[in-house]
1. Taking segment 643-664 on its own, how many of its residues are closer than 17 Å to Ala597 by Cα and without any contact (Cβ under 8 Å) to a residue 40 or more places away in the chain?
2. Within segment 91-118, can you find the residues that are closer than 23 Å to Gly644 by Cβ and either small (Gly, Ala, Ser) or crowded, with 20+ Cβ neighbours inside 10 Å (or both)?
3. Quick test of your reading of the structure: Glu127 fulfils all but one of (1) among the acidic types (Asp, Glu); (2) on the phi > 0 side of the Ramachandran plot; (3) crowded, with 21+ Cβ neighbours inside 10 Å. Name the failing condition by number.
4. Do any residues in segment 466-488 that are exposed (fewer than 12 other Cβ atoms within 10 Å of the Cβ) have Cβ atoms under 6 Å from those of residues that are assigned to a strand (DSSP E or B) and among the aliphatic types (A, V, I, L, M), where the two are at least six apart or on different chains, and which pairs are they?
5. Determine, yes or no, whether Val121 is without any contact (Cβ under 8 Å) to a residue 24 or more places away in the chain and not basic (Lys, Arg).
6. From the list Glu563, Glu653, Glu635, Glu623, pick out the single residue that is in a helix (DSSP H, G or I) and under 30 Å from Ser129 (Cβ atoms).
7. Please go through segment 231-253 and give me each residue that is part of a loop (DSSP other than H, G, I, E, B) and either modelled with pLDDT under 90 or not assigned by TED's automatic domain parsing to the domain that holds Val268 (or both), ordered by number.
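The values are calculated or read from the model by the stated rules, or taken from the named source; none is laboratory data. All of these numbers come straight from a predicted model, not from anything done at the bench. Note: ideal-geometry Cβ built from the backbone for every residue, glycine included; neighbour counts use all protein chains shown.
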Amino acid sequence: PERPERAQPERPQHPDRPERPASEAPDTADVPAPTTPVQADDDPLETKPTVAQPATSNEEPPPLTVPDSLDDVEGTSGDPFSPAAFGAGALAIGVLAVVDTRRRRRLRSSSVTARLPQRPVALVDTERSLRRLESPERHARLDLSLRSAAASMVGGHERIRIVMIDARGGVTVMTSGPVSLARPWRSHDDGPASSRWDLPAAVPIEDLAPAGRQFDAPCVALALVGATASGAQVYVDLESVGSLTVVGRAAAAEHVVCAIAAGLASQVLAESAHLVGVGVPATAFLRHPNHHVVESVDEAFELAGDLLGSDAERDETFRLRARHTSGRAWEPVVLFVAARHGDDLRAEVIPARVAAVVAEVAPDGVTRPASDDTCPEGDVRVVQGAATWTLQPHAIELDPVGLSSSELEQIDQLIDADVVLDERDGARADVGALVAGNGAGVADDGDAGDDGIDERVEDWDVLVRVMGLVDVIDRDGNTGEFTKSKSLELLAWAATHRDRSTRQGARTALWDVDVRDATFANIVSEARRALARMRQPADGHEWLARTMNATLRLDERVTTDAEVIAASLRRARRQEAAAAVATLRSAVKLIRGVPFADTAYLWPDAEGITSQMVVLATSCCGELARRLLDADDHEGLFWATGQGLKVLPGHEELIGLRMRAHARKGDRSGVRQEWETYERVVLADPWSDGEPAPCL
């Protein structure tokens, strides 16, 4: 039986506290009532009483976690000391760099009639998990710190062996022998020469640049091995130590070796290194251009000798590489050896420029070095103990990185995602529906059924601009002012997820941690007020509707510039030439740069929205440029293609149109200039072989 409502006593007004205006009252409509039946604004049926559950980060657990992947390994299920997957986010940076690079290459080769298939939900979750973990600022600081240290070490024979960088940016380097580093480095034992030096986190990165930019990266084979309990990332220069042994139980050691291989393969600094796997799956190398998989250790050493040639015994590559001697990379060869081939590796003498990472399964589950606290001289090991993992002989306790074969398969699928399809090979997709709904939908010819969508899009009062810097304007050009950046992000998310915009979906997309109901309600209220300050909605309406259910409904007169561009592209494909050019010109003017520029939103890349908008922009610009080329309007063509190249530099079809325009004018130097511009973009890509597109 329902309980009668209890009357609330009127709260007396404090004599020293002014009464809050009604306009500033808390927006209780944005906090779902837990048990009261409500009438949905857009549903004529009465909704049943529901209990609102708070959003928690456990509802969608990250799909990439090594402990879960070990549950099917006998004797390891539930092991609390299984390797942590991504080493405080450092491994995620490299994986995403590989994903983004391959994605750019595919998008550059897309045609003006391109479309993207729907991305599977599992891959969306995988990429979102990776983007929550990455910390690129730390990675940039680490690179400059090592170059700065190398400036003081190139005159000697000592090398960097171990590097640690904490969450605040403090860097510690351990060298093979005593060295003297210039300020701002500080000796760990306060002596003039030491084998351990610290760079305080308070030193700005700009102070490292003058010395760092004079030298190339000295540690090509710098591999992430794990992170400490405080979040400090731990790296080992594999070329310097020669051999790194991972000693652990069952599959744990193999998973750590695979993760170290993936981390090195995704390091831009290791672009020129040769990676050889012996018993390690090929997916661990993330499509690295110089990776090889062989059957035995003998084959691996034979291949290493062929790759290094006469320079195989040179051991001063640290100095040669830092000084960029002879313009060469002086790349090493790194072997990754599974446990079943470990005995074969230990029987070999490892050459100077060959490093090895080998898995070793401890007998009977005993995981400690040969002696209590030391390793054999010169040996470096990551050892799984009774309570924690330890980097020996430095006694650094850490959680090592680790990836199972199933997780490597997920990452491999993510690298292969966003295969660009050409509509000329099949039915043409509804580009507008792909962008607005972020779904695949049914491919159509772009005619009937679009009119209603286009009328709604064209008759806008408020435009959320995402093709460039994210902002909101009205018909008169007034820009909305948001006191909370999350309110602007909420509008961008709601506008690009119009068909399935819910409170829970917004909370999951905008935050990677649980947030209070009151916090979310304040964000929604600020978004509503900011829109109203910019332009008043119609009587009885609000731009962001107040609902007592789970929906977040934007007014139909709020749209995005991407929807306007998509509607214009559909209409232009049905118009005569002159009218189509005018329609496309107005759409291309809306393109201001890379979608969601200068934002750190987690959801656009993970959900494929950014890629969809890039394809939309280049398609619209290419369509206009083709028509202008037919009309011999070369200046207009250069403007249209320039707008598209703001979004995606080096787009092959846009570059080709510019080259044709120069050729028609008889400007051969212009043709060559466009070609050289394209070449610079291709060569700037990490892991690029420098090969131009066949179509160009």
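1. 2
2. Val99, Arg103, Leu107, Arg108, Ser109, Ser110, Ser111, Val112, Ala114, Arg115, Leu116
3. Condition (2) is where Glu127 drops out.
4. That search, which allows pairs on different chains as well, returns Thr479/Ile473.
5. Yes.
6. Glu563
7. Gly231, Gly242, Arg249, Ala250, Ala251
Residues are listed down the side, and each one gets a yes or a no for (1) at pLDDT below 90; (2) of a type in the set (A, V, I, L, M); (3) surrounded by 14 or more Cβ atoms within 10 Å (Cβ to Cβ):
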residue	(1), (2), (3)
Glu302	no, no, no
Ala312	yes, yes, yes
Val337	no, yes, yes
Ile350	yes, yes, yes
Val358	no, yes, yes
